[in-house]
Each structure stands twice: as C-alpha cells, then as structure tokens.
Amino acid sequence: MILVWLIVLLLVAGLVAWLLDRHGSQWPRWIALGALAIDLILALILWAEREAHLSISNQGVWLADLSAPWIPRFGITFHLALDGLSLLLVLLTIFLGITAVVASWTEIRERTGFFYFNLLWVLAGVLGVFLAMDLFLFFVFWEVMLVPMYFLISVWGHEHRVYAAVKFFLFTQAGSLLMLIAMLGLTFIHAQQTGVVTFDYQQLLGTTMDQTVALWLMLGFFAAFAVKLPAVPFHAWLPDAHTEAPTGGSVILAGLLLKTGAYGLIRFAVPLFPAAAQAFAPVAMALGVVGILYGALLAFAQTDLKRLVAYSSVSHLGFVLLGIFSWNAIALEGAVMQMLAHGITTGALFILVGALQERLGTRDMRRMGGLWAILPRFGAITLVFAIASLGLPGSGNFIGEFLVLLGSYRVNVLMTLFAALGLVAAVIYSLALIQRTFHGSANESWTAPDLSTRYLVTLSAMIAVQVWLGLYPQPVLDAAGQTLQNLRGFGEVIAVVSKG
Amino acid sequence: MTLEDFIALLPLLVTALSSLVVLLLAAFHRDHALVAVVTSLGLTVAFLTLLVAAGVAPRPVTPLLIMDSYALFYAGLILVASLAVTILSYGYLEKQEGQREEFYALLLFATLGAMTLAAASHFASFFLGLELLSVSLYVLIAYIRTDGRPLEAGIKYLILSGTSSAFLLFGMALIYFQSGTMEFARTAALLAGSVEFPSTFLVGLVMIMTGVGFKLAVVPFHMWAPDVYQGAPAPVTAFVATVSKGAMVALLLRYFVEIAAFRSEMLWWAMAGIATLSMFAGNLLALLQSNIKRLLAYSSIAHLGYLLVAFLAAGPLAVEAVTFYLTAYFITTLGAFGVVSVLSKPGDEAEAIDDYRSLFWTRPWVAGVFTVMLLSLAGIPLTAGFVGKFYVIAAGVDSSLWVLIVLLVVNSVIGLFYYLRVIVIMAADGRRDVRPGETTQALQVSYADGLVLAALSGCLFWLGLYPAPLIRLIQTMQKGLIGT
C-alpha cells in the first residue's frame, strides 16, 4: 500500500494546494513541501526495511508489490511494484522534488496554488512511471507527467514559453503514441500465442515473436524513450523547453523526466525485445556517442547560461544511452549511476542559474563576468557542480561515466574511444561556464544579494549526496545491481532461446 | 401489437407524448421555465422507461423497429445528451426575448427521430427517423431569428440535407429493386449466400453511404458542417454534433454488421478513404481556424474519421470500440459546446478565440472544464477520450490495420496543436476586454448549467479512470447485436 500512498499523497496535496491558494500563497508552498517530506520519509522507511533484501538474490520477487484489477476487458491491472532500481529513482524523484519546491519559493509569485498543483502532479506521474509494472498503467503515468509539465512551461516560463511548451508536448506525445501502438502490438501477439490478453509486464516478458516484428515493436518503445532521453536527433525540443521553463520546471525536466526515458529503455525496451535490441544496439550506441559529442560542442557554443546546461544534458545522457545498449553489468551500473548523478548535478546547476536570473534578470553570459567578486557563494557552489558535471573523480558523474566507458569498451572499442572524447569536451564547456560568468572583468556593474540560507541548505544537501555518490557508491550499486542482473539475465536467456 | 410491444416502445412513446404536451403548453400557457422542466421530466421518464423496456427486449416491434439492447443503449445515450442540451438551452434562451417554448418541442421531436434511427430495422423507419430529426433541426438551427447567421445556416442545412435525402431515397429504391424487401434482416438473408454484392445493390449502398456521410459530416460530404456549427445557437450545435451524428452512427453500425458489408472490398476501401480524408482534412483545416465553433466543427470531422477507423476493424472489438468512442465523444463534445453555450447569448456567441483569452484567471471553473474537454478530445489519459482512442487503436491493431493506425497517430499529433492553442490562450495573461453593454450578470453561470458541466466532467474522469462498468455494459449490448 505504501507505493500507492507515495503517489496519492502528491496528487491530493496538489489539489489541496490549488484550493488553498485563495487563503494566501504561503499555503501551497508549505503543503507541497510537507507532502514531499512525508514521501521522503516513507521512501526512506522502505529502503531501511528492505535493505536486507536488496543484496540477496531475489529474482522475480519485488521489495513491495501491489496489484488490483482495473480494466479486465484488456487484462489491465493496477500493478505497482518496487525493486532496487525503482527505489533509487523514487528517492531521486522525491529529493529533486523537494529542491524544486525550494527553488520556486520566491521565484513563483503568481498563481502559486496552480503552480504547485502542477509541480506535484508531474512528480506523481514520475513516481508512477518508476513504479508501474503494467504497460497500460505505465503509459497512463507517462502521460500524466506531460500535461502539468506543459502548464509549468507555458504559464510560468520565460519569453518564448508557449512555443517551447507546445514543441515539448508534440515531440513527447508523438513518441508516446508510437509506444502505445507497440504496446498493443505486443499484447495482441502475446494473446494470439497464449490466448490471454494482458498488459502485465512480467507476463509479457519472454513473448517470442518474429525478428522483424520484434524490431518494429522495439522501435516503437525506443521512439518514446529516445525523445525523452533525449537522443540525438530527437533532442530538438529539449534546449527550448529547458531554457523557457521556470527553475522548478527545469530541475524536474532535466533531473527526472529525462531519466524516465533511460528507465524505460532499461526496464522495457531491451528486456521485452532482447534479440531486437541486440540487433539494434550498434545504432543506439552510435546515437549515444553522437549525442555526447554533439551536445558538448553545442554546449560550448551557447551564450545563454541555461541553454549551456541544457545541451550539456544531451551530452551526459549520451553516456546513459551508450551504457544501456552495451548491456553488460558494468555499463548498466554506470548508466544508473550516471542517471542519479546527472539528476543531482544538473538540478543544482539549474537552481543556480535560476537564482542568478532572478537576481540579474538575464541569462546572457556575455553580460556577466567577474561575478565572483559580488557573489562569492554563488561562484564557489557553481564551481563545485561544474566540476562534478565534468566528471572529476570524487563525483558521482565520474563513477557513472567511468563505468559506462569500462563496460562499453568490451563491446565496441572505437565507439568508446569517441565517447571518451566527450569527457575532454565536458571539461572545456564546464570551465568555460565558470570563466565567462564568474571570472574576468565585470561587464556591467551588478549589485545583487548572494545566496540565502534556504538555498545554501538545499545546495549543501545536494553536494553531500553528490559526494556520497562519488566516494562511496557501493550501496547504490548494490541496490541497483540485483535488479540489473535480473533484467540482464532475463535478456540473455531470451536471446539464446530466440536464436535457437 | 401486443402490450409487450408497447412496453418495448415506451421510451419512444414517452418522448412523443412529452413533445405534444410541450406544444399544448406553448399554445395555452407560455412559461419558459415550466416548459423546460416538463421537457427535462419527459426525457428523464423516457430514460427510466428504458429499464422497463429492457425487461421485454430484444423484441421486434412491427417490421419497422427492433428494440434490442443495442437500440436501448443508444437511446439512453441520446436521451441523456438531449437532457443536457435541454438544460443548456434553458440557460442560453433565458438571455433571449421572445417566444422560446417551441424550441423544446422541436428538441423532443428531434430526439424521437434520433431514437427511431437507433432502433430502425427497415428502410421506412430509417427514413422516417431521419426526416423527423432533420426537419426539426432546420428550425432549431435557424431559431434565433433576430440574427442573420442562424437563418443562413438553417437554409444551408435545409438545402444540403434535402439533397442528401434524395440520394438516400434513390439508394433505398435501388436496394428494394434488387432484393424486393426493405427490411434489413431480409436483405441480409437474401445476400447471405453471395461472396460479392450484386452491382445494383452496391450502387444503392454507395448512395446510402452518401446520405449517411452527409449527416456524419465526413469528407467529402462535410462542407456544411463549419457554417452550420458556427451559425446555429450553441446548444443546437451541441445537439447536431452529438445526437444527430450518434444516431446515424448507430444505424450505420447496425446495418453494416447485419449485412456484413465489409465482405465487399470496394466498400471497405471507400470507407477507408473517407476515414483518412476526414482525419486529415478535419485536423489540417482546424489548424487554420480562429473561431472556436468552426475549430470544433473541423475537429469533430476528424473525430468521425477516427471513429470510422474503429468501424473498419472488423470483429467484435469494432462494435465495442465504436460505441465506447462515441460515448466518450458525446460527453466531450457536449462539454465543449456546453462551455461555449454558457459563455454565449443569442446573437452574441462566444466564438472568437479572443473571447477565451485568460479565461483561466477570470473564470477558473469554466476554463477548467473546457481544458479537460479539450484534453479529452486530444486523447490525453485520465479522460474518457484517451480510453476511447485506446479502444480504437486496440481494435485497429487487432485487425492489423497498421497504415490506418499510423495515420491516426499522425493526426492525433496534428490535433494536439490546435487543442493546445486554445488552452494556451485560456492560460494567457491579460484581462479580457469587457465589451460595451456586457454585464457580468448576463454572464453568470446558472446552477443548472454548472451542474451539467460538472456532471459531464465527472463522467469524463469516471470513464477515463474506471471504464470497466461501461465496457461490461457495452459488451452485453454488443452480444445482442451479433445475435440478431
């Protein structure tokens, strides 16, 4: 039941926040924060209780599981379940949710109730995505994330918000619908073979089918996840959406929504169609490498601070794609680590950029420079996250990228070589960010207050998590390890069967 | 006719009786509120008698009508929609001076016609129902005589509808010439042995499809729809978009299933062509509109295209998908036009897209209802529209109509564009300019209207979140249809 509570709490709190708006805009903020705090406690309890189960081999057994019939006509169940991988992502979701609420505290002054309603509903959708084990339910949550996010961008965003919001919506929706077709295709093939119409993930695992059909269906799933990830060339929506979104929205977009794409690939696209995924792997890996280099190049070329961070996400998520399609233990653990670390780093960078924009009224780096003298705390903390983002040892990003490269090296040396160039490029654009903004001579005489305590607390917590991921990643790797092994083992068995 | 026949016919009889009562009331004691209440009561009682009629169904009543669970289901849908339109009309006509009572009698006649269509098992009752519906609509569309545009729309509908009826009659005559009967079941029995349809029969069928296509406003018979939607009073537009089309779909579905029409490949391809054209023309033209009523008109053309995709997917899933989609479409369209209707008054329809600017901040509830209706039209989850679209795609995938399904998806994405545009405008900043002479009093949403909108939104979420009960109902109903 705790899984349902995690989601329902956010949904209800969202509605309450909206309704209480008329009694003052403080209410929605505290309600959002309170609901997320309770969620965090619930999730931590889950982890503490089940930690013992994480390390032992528990193939096919969930840490928490809940299933109820929903639409029997199509064998659709309301099936939520949690394993190590989900647990990590749930924790990330709630953690970043809290930081997003704090980051929006002073930025959002109008229609606060509706803002927090949307924020909480996006988060509920994301949680649902990480927990749903019924394909239809997964799709529903997948879409639930979409509409509130659209409102977040289009109502509270910056100059070109409507354009960005519509572009975001259309890209993701087009991908989603292809996924829906693929889901139905899979279900009906399963039904033809077994006579059972079902959308249950575990029952659909291991459906054997014609190689060509499998490839098409896999591509349907891949389309939705690649758009979200975002893999080049499906990334066109991302810079606009990130740039125009309010800070809280950007944090959620970069920190969480992109991860749903990666999660989908790990959980659904590859395990459901292992052979097809294997055949497609070189293409996907190539897309990942192109994303790494292309994202880095464009990040360097930006003058808009937010766009720089946005393009750097394209680059970092390229590693995740590369890791997933390398599909061995090390690369997958690297991909998961990179997902978590990137969520924290980029979330923090967006918070910093947002706070900077709130103070200066611009994101244009050409107008900045020499800010360190006025805003030393800003400078120091940004430096920490910029360095983390470029993957210096000691940060979670380093662990992630290192493991991905180590894993992909065993699969394809040439691609790994090119991907490693991305690490160099990351150094260039990350340091360029610091150089252009905080160092050098001041281009304009800004006066602005430095980071407040509220920000310091939030960002310190993020630094702490980041350092923890970098220095002692073992608990995280353990938590994800068993799940990944199950998924992988399953994939291998099927690959052998379908070849034989 | 036995007593049981009358019991089976009760829903139709009650509706007919209420229309007579309304006419007499209008003749002796004009009172808008009273008439509206009597109409609502009549429709409610008619709806309740469906349960009584269900006790004796399925039952052929004379060779003309068949009261089976299928007819009863669609009659229920039509009655509920009419009830919603009645209440919305009351709020709308209250803002109008002059004689308003006949409006309700015509509404009841049109409802009766629609129900007759849903229960028709014979070309005579088919035509009777259709004309009862159409003739009432001519007047309803042109009811606001103080304005030029409703009149123009009414005449346009009259002329085109008359032409299409002529096609329909010619088609029926050809089929009668070929088979010597006008009963659906007997035609079907005569054709049962043949692999392909005889050519005369086929020509007749194509002509009937022309007439039906006009009523459904599918491409290429859609020309009237935007003008009539725009010109008609908002509640009447809601009626045209739902009841009139729904009854026609009900008839078409029954007839095509009965004669197994899709054994003719030519018909299948013709229908596939119509579906494709409707989806594309509807969505692409809707993109260009800056008038909400025209936008919704084109969007409903596209939705009928989606519906036809489900129609083309043969098998039991098709009937289910069509019915479910239609139910969702009813709720959503009524809701959308309900919002337009609440914001409109006779002679001054809230149709310009600018009328909706920043509605979210001036009237959050109305804007909220409109938003969920638009999201449902766009097929976003948690709404009935999503489950409907899911059903259609499921039916398509089940029958391997890959090309049509992909076209449907492409169109869904195009559709998102203009639905989102309206939502964006509602969420935009900037106060709406209050036009001179416009008082907030006139724009107050009455409790009855609010209740209708709330109920429709409730149904929207109910079907979106927990569609299982309706699906069970449709499955039971659908078994009856295949059985006859």
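The values are calculated or read from the model by the stated rules, or taken from the named source; none is laboratory data. On a predicted model such as this, the values are computed, not experimentally measured, just so you know. Heads up, the Cβs are rebuilt from the backbone with ideal geometry, glycines too, and the neighbour counts pull from every protein chain shown. Quick note on the areas: whole protein, heavy atoms, side chains included, nothing else; ligands and nucleic acids left out. Shrake-Rupley method; radii C 1.70, N 1.55, O 1.52, S 1.80 Å.
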Rounded to two decimals, what is the ratio between the C-alpha radius of gyration of chain B and 2.2 N^0.38 Å?
0.93
For A:Leu44 and B:Leu41, FRET efficiency with R0 = 51 Å and r from the beta-carbon atoms, rounded to 0.05?
0.30
Length gained, B:Ser290-B:Leu51, 0.36 nm per residue minus C-alpha separation, equals 81.6 nm
Suppose all protein chains stay in the model; what accessible area per residue would a 1.4 Å probe give for the protein assembly as shown, in Å²?
33 Å²
May I ask you to derive the FRET efficiency for A:Val457 and B:His29 from their Cβ-Cβ distance with R0 = 51 Å, giving the value to the nearest 0.05?
0.10
Give me the distance between the Cα centres of the stretch A:128-183 and the stretch B:457-481, rounded to whole Å.
26 Å
When only the heavy atoms of the protein chains count and the probe is 1.4 Å, how do A:Met218, B:Met209 rank by accessible area, highest first?
B:Met209, A:Met218
Within the stretch B:342-359, list the residues whose amide N lies under 13 Å from a label point set 7 Å along Cα→Cβ of A:Arg109.
none
Shielding by other protein chains, B:224-233, mean Cβ within 10 Å:
0
With n ≥ 4 as the cut-off for DSSP H runs, can you work out [θ] at 222 nm for chain B, using -39500 (n - 2.57) per run divided by the number of residues, rounded to the nearest 500?
-26000 deg cm²/dmol
When you count, for each residue, the other Cβ atoms within 10 Å and take the mean per peptide, how do B:382-389, B:353-360, B:144-151, B:340-347 rank with the highest first?
B:382-389, B:340-347, B:353-360, B:144-151
Report ³J(HN,Hα) in whole Hz for each residue of the stretch A:123-140, in order, from the Karplus equation J = 6.51 cos²θ - 1.76 cosθ + 1.60 where θ = phi - 60°; Gly and Pro get x.
4, 4, x, 5, 4, x, 4, 6, 10, 6, 10, 10, 4, 5, 4, 4, 5, 4
Where the Cα atoms of the stretch B:17-121 are projected onto their three principal axes, how long is each span, largest first, in whole Å?
45, 23, 20
Take B:Phe177 and A:Thr362, extend 7 Å from each Cα along the Cα→Cβ direction, and tell me the distance between the two endpoints in nm.
8.1 nm
Quick one: buried accessible area between A and B, total over both chains, 1.4 angstrom probe, nearest 100 Å²?
3200 Å²
Spin-label zone in the stretch B:309-324 - amide nitrogen under 18 Å from a point set 7 Å from the Cα of B:Glu196 along the C-beta vector:
none
Please compute the Kirkwood hydrodynamic radius over the stretch B:120-230, one decimal place, Å, based on all pairs of different Cα atoms.
15.2 Å
How much length would be gained if the chain were fully extended between A:Gln203 and A:Trp5, taking 0.36 nm per residue of separation minus their Cα-Cα distance, in nm to one decimal?
68.7 nm
Among the lysines, which have Cα under 23 Å from the Cα of A:Lys259 when same-chain residues fewer than 8 positions away are ignored?
A:Lys167, A:Lys228, A:Lys306
Per residue of the stretch B:194-200, in order, report the coupling 6.51 cos²θ - 1.76 cosθ + 1.60 (Karplus, θ = phi - 60°) as ³J(HN,Hα) in whole Hz, putting x for Gly and Pro.
7, 7, 10, 6, x, 5, 4
Alpha-carbon centroids, the stretch B:195-251 and the stretch B:1-16: separation in whole Å:
28 Å
Once each part is reduced to its C-alpha centroid, what is the distance from the stretch A:31-107 to the stretch A:463-482 in angstrom?
18 Å
Computed from the beta carbon distance with a Förster radius of 60 Å, FRET efficiency for A:Val467 and B:Ser446 to the nearest 0.05 stands at 0.45
For the protein assembly as shown, state the semi-axes of the equivalent ellipsoid (square roots of 5 times the eigenvalues of the alpha-carbon gyration tensor), sorted largest first and rounded to whole angstrom.
55, 33, 23
Would you please give the residues with an amide H less than 5 Å from that of A:Phe78, counting only those at least 5 places away or on a separate chain, with H modeled from the backbone geometry?
A:Ala68, A:Trp70
If the cut-off is 21 Å between C-alpha atoms, which lysines fall inside it for B:Lys215, apart from same-chain ones fewer than 8 positions away?
B:Lys156, B:Lys245, B:Lys293
Nonlocal amide H pairs with B:Leu65, under 5 Å, H built at 1.01 Å
B:Ser121
Using the Karplus equation 6.51 cos²θ - 1.76 cosθ + 1.60 (θ = phi - 60°), what ³J(HN,Hα) coupling, rounded to whole Hz, does each residue of the stretch B:263-270 give in order, writing x for Gly and Pro?
6, 7, 5, 4, 4, 4, 5, 4
Could you check how much of the accessible area of chain B is carbon and sulfur, as a whole percent, using a 1.4 Å probe?
72 percent
Solvent-accessible surface (1.4 angstrom probe) belonging to A:Phe438, in square angstrom, nearest 10:
10 Å²
Once you average over the residues of B:395-407, how many Cβ atoms of partner chains fall within 10 Å of each Cβ?
3
Within a 10 angstrom radius of each residue's Cβ in A:69-77, how many Cβ atoms of other chains show up on average? Whole number is fine.
4
For the stretch A:125-151, list whatever residues lose no less than 10 Å² of accessible surface once every protein chain is in place, relative to that chain by itself, with the probe at 1.4 Å.
A:Phe136, A:Phe139, A:Val140, A:Glu143, A:Val144, A:Val147, A:Tyr150, A:Phe151
Tell me, what % of the accessible area of the stretch A:35-154 is carbon and sulfur with a 1.4 angstrom probe?
66 percent
